[in-house]
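Inspection log for the structure reproduced underneath, given as structure tokens.
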Amino acid sequence: MTSQPGEGARSAQPGTPTSVGQQVDRERAAVRRADVALRSMGQPNAIARQFDFADGSYEWRRLFSELLGTFFLVLVAVGGGMVNTRFGGHAVPAAARVTAPALMVAAIILFMGTVSGAHLNPVVSVAFSLRGDFPWKRVPAYIVAQFAGAVLAALLLWALIGKQGSAGLTLPGSGISTITAMLWEAVLTAGLVSVILGTASGAQAVGSLAAIAVGSYIALAGLWGGPVSGASMNPARSLGPALVLGDWTAWWAYLAGPAIGAVIAVGIAYVLRGPGGGLSGSRAAEGTLGVGWRPGRIGLSEVAPDGPPHPPAPGPGEAG
């Protein structure tokens with residue numbers, strides 16, 4: 001049975017129950033989107049999800065970023081000493097062994113710091129949490145990822161060039177006691193974490209070039225502090241290779257020293273800037289994966305579940 005002419009038009013006329021219901025649904029969807037936008041103002045967010053860092057679906061990316069970043073850092077830091085020993089003791093000069101890890105850290109911060117915050121160091125994760133810039137519940141998984149990256153790097157070096165005695169480990173220098181090495185590591189780490197927290201806070205005019213400040217400190221600390229303790233400033237960098245190579249000489253100095261230094265740095269940051277938890281520090285600590293970013297090809301629009309399509313994904317250089 002066919003419908004009468006004009007029947008379809010009449011059903012869509014303004015004021016009919018169908019059109020009124022559709023209008024109400026559209027208004028409710030608009031209200032929901034506005035509410036999400038207002039509640040997420042000033043927070044790392046994307047259009048598709050309200051809070052990207054709080055969204056567990058991104059967590060695996062962040063943990064992989066920490067694992068991969070720490071892997072590269074330890075590969076360079078430990079590999080320099082092992083390669084040098086393997087090929088005669090002068091293949092990699094002392095200055096190069098110190099500056100290579102610093103340059104690697106700078107590179108990692110620049111290329112994936114916005115994914116996880118590029119902590120690469122358990123005491124940095126703890127320091128960010130003490131400052132209120134990073135949620136405590138995320139710290140254990142970050143630390144596991146960092147140690148896993150360190151262990152994998154040491155295993156790869158062992159597999160490729162074999163064990164080279166104590167080469168690649170961070171150990172007290174000749175005539176240096178374990179306690180002295182611990183205190184030395186505490187002092188060096190206090191400076192490193194102070195630089196990290198300071199540039200993350202946005203208080204300094206370093207901006208996106210914070211990688212240069214952090215990398216520069218690591219290089220400078222290593223150049224003058226390396227002969228005393230190895231200038232590790234990172235429990236994962238020291239204890240990961242110690243586990244693989246089976247040498248636990250003075251291991252606690254490289255756990256306690258950096259931990260003490262990180263706590264001191266948090267105190268320094270409080271004196272200089274007061275409480276943490278600000279927008280800039282949180283973004284630096286947590287990463288901002290999702291800000292101005294959506295997966296998909298350039299030019300394709302993304303349809304929202306309850307609204308019109310999103311604008312095309314930003315092109316290279318346009319992502320926030």
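The values are calculated or read from the model by the stated rules, or taken from the named source; none is laboratory data. Bear in mind that the values here come from a model prediction, so they are computed numbers and not experimental data. Here the Cβ positions follow ideal geometry from the backbone for every residue, glycine too, while neighbour counts run over all protein chains shown. The protein model used for the area step is the full one, side chains on, heavy atoms only, and it has no ligands, DNA or RNA in it. Shrake-Rupley method; radii C 1.70, N 1.55, O 1.52, S 1.80 Å.
Below are the figures for this structure:
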{"read-out": "Subset of the range 58-93 (residues that are part of a helix (DSSP H, G or I) and free of Cβ contacts under 8 Å to residues at least 40 places away in the same chain)", "value": "60, 76"}
{"read-out": "Every pair of residues 6+ apart whose Cβ atoms lie under 7 Å, when the first sits in the range 120-141 and is over 23 Å from residue 253 (Cβ atoms) while the second is of a type in the set (D, E, K, R) and open to solvent by 20 Å² or more (accessible area, probe 1.4 Å)", "value": "134/286"}
{"read-out": "Filter result (charged (D, E, K, R) and either in contact with a strand residue (DSSP E or B) (Cβ under 9 Å, 6 or more places away or on another chain) or surrounded by fewer than 19 Cβ atoms within 10 Å (Cβ to Cβ) (or both)) within the range 82-97", "value": "86"}
{"read-out": "Unmet requirement for residue 103, which otherwise passes all of (1) modelled with pLDDT of 95 or more; (2) open to solvent by 20 Å² or more (accessible area, probe 1.4 Å); (3) within 17 Å of residue 156 (Cβ to Cβ)", "value": "(3)"}
{"read-out": "Test: residue in the range 72-81 that is touching a helix residue (DSSP H, G or I) at 6+ places or on another chain (Cβ under 8 Å), among the aromatic types (Phe, Trp, Tyr) and open to solvent by 40 Å² or more (accessible area, probe 1.4 Å)", "value": "yes"}
{"read-out": "Any chance residue 220 is modelled with pLDDT of 90 or more, under 26 Å from residue 106 (Cβ atoms) and buried (at least 22 other Cβ atoms within 10 Å of the Cβ)", "value": "no"}
{"read-out": "Set 115, 98, 124, 151: member being at pLDDT below 95 and under 15 Å from residue 237 (Cβ atoms)", "value": "98"}
{"read-out": "Number of the exception - residue 120 against (1) among the aliphatic types (A, V, I, L, M); (2) open to solvent by 20 Å² or more (accessible area, probe 1.4 Å); (3) outside any helix (DSSP H, G or I)", "value": "(2)"}
{"read-out": "Tally, over the range 177-201, of residues that are surrounded by 17 or more Cβ atoms within 10 Å (Cβ to Cβ) and not in a helix (DSSP H, G or I)", "value": "1"}
{"read-out": "Residue within the range 249-262 that is of a type in the set (Ser, Thr, Tyr), out of contact with any Leu (no Cβ under 7 Å at 6 or more places or on another chain) and either surrounded by fewer than 17 Cβ atoms within 10 Å (Cβ to Cβ) or farther than 18 Å from residue 104 by Cα (or both) present", "value": "no"}
